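The values are calculated or read from the model by the stated rules, or taken from the named source; none is laboratory data. Only a predicted model underlies this, so the values are computations on that prediction, with no experimental measurement involved. In this analysis, Cβ positions are derived from the backbone assuming ideal geometry, glycine residues included, and neighbour counts consider all displayed protein chains. Protein only, heavy atoms only, side chains kept; ligands, DNA and RNA dropped before computing areas. Shrake-Rupley method; radii C 1.70, N 1.55, O 1.52, S 1.80 Å.
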Amino acid sequence: MRYTYPHTIDNGSGEQITFIRFNDNEKGGMLEIENRVHPGAGPPMHVHHLQDESLTVIEGKIGAQVAGREPTFHGPGETVTFLRGIAHRFWNAGDDMLICKGWARPAYNMEYFLTEIYRSTKANGGKAPSAFDGAYLQSKYKTEFDVIEIPVLVKKVIFPITLLLGKLAGKHRRFAGAPEAVSNRH
């Protein structure tokens with residue numbers, strides 16, 4: 001699934017991503033991005049199994065943390081890079097808007113996944129995606145992305161029940177045409 005650029009998404013809780021452009025190649029492509037993050041906002045601890053991600057601070061102060069390590073803080077002109085397979089999080093650690101430019105590669109389904117997570121989160125009051133949408137997206141794209149803060153019990157027991165009930169209610173239809181997940185052997 002391809003988008004018209006620039007393509008901006010907003011989760012309703014202080015995070016906005018603009019996908020500036022997608023540079024296609026045989027290795028999954030690269031997304032050029034710009035993040036705008038309100039003070040205190042940022043994604044939960046997560047991992048990209050297949051993608052590397054890099055953010056350079058344009059304005060503000062970013063807090064960054066790799067699982068098991070102490071947070072680091074960076075200002076304008078400084079870059080943080082998160083390698084594939086390493087759980088991480090970042091947030092606006094300042095009092096003003098955090099603006100970063102960066103990239104993710106190979107992109108694979110990152111733009112689709114984030115677009116749908118942000119859409120659902122915003123529609124759900126900016127707190128979290130709806131139960132079905134979160135379970136569907138996390139389950140379908142588990143070879144690419146994982147939110148570490150979701151307990152394993154929820155992923156293994158609650159998600160399958162939520163998916164079954166959601167499918168019975170027809171909630172899965174909104175994801176018709178969703179791209180196939182990429183294997184982590186890619």
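Structure values in brief
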{"read-out": "Net charge dipole size for the chain [Lys, Arg +1 and Asp, Glu -1 on Cβ; Debye, nearest 20]", "value": "800 debye"}
{"read-out": "Selected from His46, His88, His172 as most flexible by GNM, with the chain as the system and alpha-carbon contacts under 10 Å", "value": "His172"}
{"read-out": "Loop-located GluC sites (Glu not before Pro) in the stretch 18-56, at most 13 other Cβ atoms within 10 Å (DSSP)", "value": "Glu26"}
{"read-out": "The chain - mean residue ellipticity at 222 nm from DSSP helices (-39,500 (n - 2.57) per run, n ≥ 4, rounded to 500)", "value": "-5500 deg cm²/dmol"}
{"read-out": "Pairwise label distance in nanometres, Ala123 with Asp24, each label 7 Å out on the Cα-Cβ vector", "value": "2.8 nm"}
{"read-out": "Highest-fluctuation residue, Ile158, Ile17, Ile117 considered, GNM on the chain with Cα pairs under 10 Å", "value": "Ile158"}
{"read-out": "Rounded accessible area per residue of the chain, 1.4 Å, Å²", "value": "52 Å²"}
{"read-out": "Of Leu83, Leu55, Leu165, the one that fluctuates the most in a GNM where the chain has Cα springs shorter than 10 Å", "value": "Leu165"}
{"read-out": "Estimated inter-spin distance, Leu168 and Ile86, nm [label 7 Å along Cα→Cβ]", "value": "4.5 nm"}
{"read-out": "Inter-probe distance in nm under a simple model that places probes 7 Å from Cα toward Cβ, at Val157 and Met97", "value": "4.4 nm"}
{"read-out": "For the chain, with +1 on Lys and Arg beta carbons and -1 on Asp and Glu, the positive-most of Pro6, Val66, Ala135 along the dipole", "value": "Ala135"}
{"read-out": "Spherically averaged projected area of the stretch 81-172 from its Cα convex hull (nm²)", "value": "7.3 nm²"}
{"read-out": "Sorted largest first, extent of the chain alpha carbons per principal axis (Å)", "value": "50, 35, 29"}
